[in-house]
Amino acid sequence: MTDALAGHDAIISCLGTDLENSDFLAQVTDALVPAMKANKITRIVYLASAGIDKEIPGIAGTVVTFMLRKPLRDHRAAVDLWRNSSFDYTIVRPMQLTDGPRTSVYRTSVDSIPDNGKQISRADVAQFMLNAVEDQLFIRQSVGLAY
């Protein structure tokens, strides 16, 4: 992985979980940290999921957290590694992902989710992540995204 990161300024991680290996994301993060250090890369924008901090309110939050408990646990383990590191991370926690178009009109909420937010398109999440890297936004913060 060290060679693959050579010459890069930042990392954008959009990995999903592996339902058969519940530690997949934490294992990838463990491998990514020394590769980033070797290449003097300090910036990472990491795509997790709303729910990793049990921030989705009400019965819907309880149901979603239960249904997605294994992927959320894996994301949480990786996020904890970033939070306990010296890297300039941004944790991105979108609500339900859709295949809709990029609108460039979405809401953010640090350490929570936007009020009454239900979903967001993958295209808008991608735009947010690129902007976070390019404009050095939300350094060492966890951001919920939704319309």
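In order along the range 125-135, the phi-based Karplus estimate (6.51 cos²θ - 1.76 cosθ + 1.60, θ = phi - 60°) of 3J(HN,Hα) comes to 5, 4, 4, 4, 5, 5, 5, 4, 6, 5, 9 Hz; Gly and Pro are listed as x.
For the range 108-122, 3J(HN,Hα) computed residue by residue from phi via the Karplus equation (6.51, -1.76, 1.60; θ = phi - 60°) reads 10, 8, 6, 6, 8, 10, x, 3, 6, x, 10, 7, 6, 6, 4 Hz, glycine and proline entered as x.
Remark on THR98: its backbone amide H falls under 5 Å from those of ILE120, SER121, ARG122, a criterion applied only to residues 5 or more positions apart or on other chains, H modelled at 1.01 Å from N. Reducing the range 90-115 and the range 3-18 to their Cα centroids gives an inter-centroid distance of 21 Å.
Relative to the longest principal axis of the Cα atoms of the chain, helix 24-38 runs at roughly 40 degrees.
At an R0 of 22 angstrom, the distance between the Cβ atoms of ASN131 and ARG69 translates into a FRET efficiency of 0.10. Taking the square roots of five times each eigenvalue of the Cα gyration tensor of the range 1-87, the equivalent ellipsoid has semi-axes of 28, 13, 9 Å, listed largest first. Relative to the longest principal axis of the Cα atoms of the chain, helix 58-67 runs at roughly 50 degrees. Amide hydrogen proximity for LEU145: with H placed 1.01 Å from N in the peptide plane, the residues at 5 or more positions away or on another chain lying under 5 Å are ARG93, MET95. When the Cα positions of LEU47, VAL79, SER109 are compared along the charge dipole of the range 4-147, SER109 comes out farthest toward the positive end, with charges on each C-beta of Lys, Arg, Asp and Glu.
Taken along the Cα-to-beta-carbon direction at a fixed 7 Å, the label points for ILE139 and ALA6 span 2.8 nm.
Full extension of the chain between ARG122 and GLN27 yields a length gain of 31.7 nm, computed as 0.36 nm times the residue separation minus the alpha carbon distance. Note: relative contact order over the chain, using C-alpha pairs below 8 Å and six or more positions apart, is 25 percent. As a ratio to 2.2 N^0.38 Å, the alpha-carbon radius of gyration computed for the chain takes the value 1.02.
Read-outs: derived from the displayed coordinates by stated rules, not from any lab. Worth saying up front: this structure is predicted, and the values here are computed from it rather than measured. Neighbour counts are summed over all protein chains in view; Cβ atoms, including those assigned to glycine, are modelled from backbone coordinates with ideal geometry.
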